[in-house]
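Scroll down for the structure; my scribbles are underneath it.
Coordinate-derived values only; no laboratory data. It should be emphasised that the depicted structure is a prediction, and the values quoted were computed from it without experimental measurement. Here the Cβ positions follow ideal geometry from the backbone for every residue, glycine too, while neighbour counts run over all protein chains shown.
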């Protein structure tokens with residue numbers, strides 16, 4: 001971008017077009033895709049929030065920038081988020097985000113009333129999905145809730161018991177009331193684990 005003279009004779013350098021939807025090198029298609037992804041993320045969060053009780057301790061696996069916790073605001077008791085893409089640890093008023101992989105990099109902070117995994121399971125290979133859900137269940141208190149989005153074929157792959165299933169765009173939102181952690185056992189969700 002070369003400087004150009006204005007009518008008053010001053011040389012002006014044009015500023016690159018940037019916005020919250022992309023940088024100067026992004027194509028319109030890339031900006032549209034980013035906007036659509038943000039809308040879908042907001043829609044998932046809006047669908048999940050009514051299932052999170054007021055004052056809950058929440059673990060968000062794949063938390064991104066912590067948007068779920070910001071949406072919860074004063075409804076949140078304590079939030080812990082973990083995501084490998086974070087630039088580093090972030091501390092908010094009622095939440096803490098940690099860079100790392102779940103469950104090995106999660107600090108020992110006890111159990112949670114709610115564990116969320118929004119737009120994470122579809123990124124996990126099919127053979128690792130049951131293991132990941134079982135790891136989430138081990139972090140729940142008795143009577144806790146596991147809230148996750150998943151592609152429509154997941155219930156058949158995991159032999160899931162009764163769960164509330166809500167349509168959320170290309171995937172479904174599942175809300176499972178879990179009896180809580182028991183002795184380490186089967187890595188799939190069966191009738192004895194979810195009600």
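When 70, 129 are sorted by how many other C-beta atoms sit within 10 angstrom of their C-beta, beginning with the fewest, the order is 70, 129. Rg and Dmax over the alpha-carbon atoms of the stretch 60-146 stand at 12.4, 38 Å. Fewest neighbouring Cβ atoms within 10 Å first, the residues 37, 67 line up as 37, 67.
Taking each residue as 0.36 nm, the span from residue 124 to residue 36 lengthens on full extension beyond its C-alpha to C-alpha distance by 29.5 nm. Fewest-first ordering of 98, 149 by other beta carbons within 10 Å of each residue's beta carbon gives 98, 149. Roughly what % of Cα-Cα distances in the stretch 49-107 sit above 12 Å, to the whole percent? Counting every Cα pair in the stretch 49-107, those more than 12 Å apart make up 60 percent.
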